[in-house]
Amino acid sequence: TAHLSQMLQRIEASPTTAMTDRAIQLREEGRDIISLSVGEPDFATPAHVIDAAKAALDAGATKYTPVTGTMALKKAAVLHFARDLGIATDPSRVIVTAGGKQAIFQAIAATVSEGDEVIVPAPWWVSYPQMVRFAGGRVVPLITHAHRNFRFDPGDVEALITPRTNWLMLNSPGNPTGAVYPAEMLRGLAEVLRRHPQVMVLSDDIYAPLNYTDGPHATLANLAPDLAERICTVSGVSKSHAMTGFRIGLATGPQWLIEAMGRLQSNSTGNPAAVSQAAAVAALEGPQDFLIQWREIFRRRRDLVVAGINAIPGLSTPVPDGAFYCFIDAAPLMGRFDGDDNKLALHLLEAGVAVVSASSFGGKNGFRISFATSEDVLAEAIRRIGAALA
Ligand code: PLP
């Protein structure tokens, strides 16, 4: 560790990746492990996207592109932000990144200085606090609760704002809780933000199509266009179009921020893969109707998992309104695991199901499962979890 930088020493490898690695290892030893730890749709990438990628390779998409993305993809992203999120933007305020993850990392790294504060609703996606700490910022947790579907009041945010606050992270539909923020809540939040001009908002909308409430997707930049200069909205094709391996993310925000993110990108990864960008154009400009079918499949899986989990003594979960995760409380059982939910997760792994502990996400006394797998596999996983905890 003598050679590790101060910045690197502030962060850890992603715990979700660690659990997935352990599951793969057990599988290689011949064990039958169901992985509910990974945040990835099980669907095949749509054929028209694959065809576009092949055609792009044949047409020579094997070279550098502009660092922040091709004009073709920026235009497709402008279409996507308008059509799917109700956000008006233009190519000069769009950046294409290697996954949504890179967009968020760059937004934080480009703006957070030593001692700055970032409000992050907890339970959180594992990478948010790591990115903040890497930049030298301080994570200010905004604790949310299962009995309120992991939503919060605008006043809860205002109580945490200080002169050093420079970001509020929003993630709806959310990982790991499945929380969906209603328009009313976001309007209230906009009121608070108007009183605190030092606060920027990072709205991570990567799960937008996976909303089971039947209402339209609500996002801050659409509801409060007067705050557009302070909002960075992140989207992509990874989760929505089953394209995690292509590594394409999209962000829009104020021009100064998009340029700052591009400055970082030009000195680190350079452009996202040319072939992936061509595939993403096809994904965003091609048919979108299959997304509705996928959403219905996810909704059925969700209902199966929620019913199955809530039938196991000691486990409970609210009904997640979006994304493909259930955040499960196991507090009544924690005595058997010395109060350590990582031990609970390891116990379930030994019983043949890979999950991720709640504490990995800044929660406690439970675990997260992903229901992005078939109903048969989910039913078997629930049977194993029930048996392991009986
Ligand atoms: N944001 C959230 C909340 C996520 O769960 C993920 C993926 O796990 C990402 C962003 C990043 O997605 P990607 O970098 O694969 O596009």
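The values are calculated or read from the model by the stated rules, or taken from the named source; none is laboratory data. Fair warning: this is a prediction, and the values are worked out from it, not measured in the lab. Every residue, glycine as well, gets a Cβ built from its backbone with ideal geometry; the counts of neighbours run over all protein chains shown.
Within the range 98-120, take every residue that is under 27 Å from residue 151 (Cα atoms) and within 11 Å of the ligand (Cβ to nearest atom) and give me the one that is surrounded by the fewest Cβ atoms within 10 Å (Cβ to Cβ). The extreme case among them is 101.
Output the number of the condition that residue 202 fails; it satisfies all remaining conditions of (1) within 22 Å of residue 150 (Cα to Cα); (2) more than 14 Å from the ligand (Cβ to nearest atom); (3) of a type in the set (A, V, I, L, M, F, W, C). Of everything listed in (1) within 22 Å of residue 150 (Cα to Cα); (2) more than 14 Å from the ligand (Cβ to nearest atom); (3) of a type in the set (A, V, I, L, M, F, W, C), residue 202 misses just condition (2).
The one condition from (1) crowded, with 18+ Cβ neighbours inside 10 Å; (2) assigned by TED's automatic domain parsing to the domain that holds residue 169; (3) out of contact with any Leu (no Cβ under 9 Å at 6 or more places or on another chain) that residue 226 does not meet is (1).
Is there a residue in the range 217-238 that is hydrophobic (A, V, I, L, M, F, W, C), under 16 Å from residue 49 (Cβ atoms) and within 21 Å of the chain's Cα centre (by Cα)? Within the range 217-238, one or more residues are hydrophobic (A, V, I, L, M, F, W, C), under 16 Å from residue 49 (Cβ atoms) and within 21 Å of the chain's Cα centre (by Cα).
Considered as a group, the residues in the range 121-147 that are part of a helix (DSSP H, G or I) and not hydrophobic (A, V, I, L, M, F, W, C) include one that is surrounded by the most Cβ atoms within 10 Å (Cβ to Cβ), and that residue is 128. From the list 304, 344, the one residue that fits, being buried (at least 24 other Cβ atoms within 10 Å of the Cβ), at negative phi and either in a helix (DSSP H, G or I) or in the same structural domain as residue 182 (by TED's automatic domain parsing) (or both), is 344.
Out of 249, 245, one residue alone is within 16 Å of the ligand (Cβ to nearest atom), at pLDDT 95 or above, out of contact with any helix residue (DSSP H, G or I) (no Cβ under 8 Å at 6 or more places or on another chain) and small (Gly, Ala, Ser). It is 245. Selection of the range 210-234 for residues being away from the ligand (no atom under 16 Å from the Cβ) and closer than 19 Å to residue 149 by Cα yields 212, 213, 214, 215, 216, 218. Within 13 Å of the ligand (Cβ to nearest atom) and either of a type outside the set (A, V, I, L, M) or modelled with pLDDT under 95 (or both): is that true of residue 182 in this structure? Criteria not met by residue 182. Looking across the range 38-53 at every residue that is away from the ligand (no atom under 16 Å from the Cβ) and in a helix (DSSP H, G or I), the one that is surrounded by the fewest Cβ atoms within 10 Å (Cβ to Cβ) is identified as 47. For the condition surrounded by fewer than 19 Cβ atoms within 10 Å (Cβ to Cβ) and farther than 30 Å from residue 238 by Cα, residue 286 does not qualify. State all residues of the range 1-37 that are touching a strand residue (DSSP E or B) at 6+ places or on another chain (Cβ under 6 Å) and within 15 Å of the ligand (Cβ to nearest atom); if no residue qualifies, say none. Hits for the range 1-37 are 16, 19, 35, 36, 37.
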